[in-house]
Amino acid sequence: MFTEQSEYLSVYGQDSAAVVTIAPHNNLPFPTESGFFAKPGTVTSVALVEARVDRQQPPYGNCTNKNIDDIHGMLLHSTANHSYSVVMCETACLQHVMADYCGCTDTGTEETPHCRYLNRTEVMCSQLIRYLYQLDLLPCDCPPPCSETRYTMTISQSQWPSDVYLQNLLKVIKNKNPKTKIINDMQSARSNLVRLEVYFETLNYQYTSEHPAYTWTDLLSDIGGTLGLYIGLSLMTVFEIIRFIMVIIKEVLNSKKKVVHPIV
């Protein structure tokens, strides 16, 4: 990657790096919230391990299958083809609160304009809202999704390019991108070029699933076992009680059939 440091502005170009975020294809990426920096002059290797999580809805858990339309429109990018995520919900909540109190947002939408950097009031207001957001003081209700795919990353870096590889590298990049003609030596190469390698550490994935620890079936089974323990009630006992009742009824009926004749 070519960072083009010559295009940076002195005030807003304090860092020279590529911001990288890795997310499932159906999740809207948020580099400022969940990204990492790939430093120029290095090769950054990212080893991924996929993890899938299935959570339980209330009353067993607090996950949600919130409709994506609930937060559509609060972000600059369209969310029509993306799944719900906690980061997306929190970002939409942040922009919603900022729009209510500041009259502008960081991203800018069709309904609310972008906060102007030269307007001190809007800048201070947006910074205050972001500060409250970092302290988790905004009224955001963003439970985790019931089904989620995420990646655990192991990041390593090494210096790049090497002295012997520089000339071959310059030939390749200058044929692909005319703007890289300003790179002529090792210093300019390590100041403007970033190499990124992303791969799966293993082809296996981790799967975590939540299940109710105590269900209605377990409750009824425990109640029946407790009754059997304390009052000795069992299936054989029920049959014995029924047989005893039938014997009593039979004796009563037989006693009514007996006729007593008086002695004269």
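The values are calculated or read from the model by the stated rules, or taken from the named source; none is laboratory data. No experiment lies behind these values; they were computed from the predicted model shown. Cβ: placed from backbone, ideal geometry, glycine included. Neighbour counts: every protein chain shown. Quick note on the areas: whole protein, heavy atoms, side chains included, nothing else; ligands and nucleic acids left out. Shrake-Rupley method; radii C 1.70, N 1.55, O 1.52, S 1.80 Å.
Some observations on this one:
- Of the residues making up the range 141-175, just one is closer than 30 Å to R55 by Cα, loosely packed, with under 11 Cβ neighbours inside 10 Å and modelled with pLDDT of 90 or more, namely T154.
- F37 meets all of the listed conditions (1) open to solvent by 30 Å² or more (accessible area, probe 1.4 Å); (2) assigned to a loop (DSSP other than H, G, I, E, B) but one, namely (2).
- The condition (being out of contact with any Ser or Thr (no Cβ under 9 Å at 6 or more places or on another chain), loosely packed, with under 12 Cβ neighbours inside 10 Å, among the aliphatic types (A, V, I, L, M) and not in a strand (DSSP E or B)) is satisfied by just one residue among L138, L118, L128, L132: L118.
- Subset tally (residues that are in a loop (DSSP other than H, G, I, E, B), open to solvent by less than 50 Å² (accessible area, probe 1.4 Å) and aromatic (F, W, Y)) for the range 1-34: 1
- Any hit, the range 213-227, residues being of a type in the set (F, W, Y), open to solvent by 90 Å² or more (accessible area, probe 1.4 Å) and touching a residue at least 12 places away in the same chain (Cβ under 8 Å): no
- Under the condition of being under 30 Å from Y60 (Cβ atoms) and modelled with pLDDT under 80, the residues counted in the range 216-263 number 7.
- Qualifying residue in the range 182-195 (condition: open to solvent by less than 80 Å² (accessible area, probe 1.4 Å), in a helix (DSSP H, G or I) and among the acidic types (D, E)): no
- All conditions in (1) modelled with pLDDT of 90 or more; (2) open to solvent by less than 30 Å² (accessible area, probe 1.4 Å); (3) within 25 Å of F37 (Cα to Cα) hold for T91, with the sole exception of (1).
- Scanning the range 94-113 finds no residues that are within 26 Å of Q206 (Cα to Cα) and modelled with pLDDT of 80 or more.
- Scanning the range 40-68 for residues that are modelled with pLDDT under 85 and open to solvent by less than 60 Å² (accessible area, probe 1.4 Å) gives K66, I68.
- Filter result (touching a Leu at 6+ places or on another chain (Cβ under 7 Å) and of a type in the set (S, T, Y)) within the range 103-147: T107, T109, Y133
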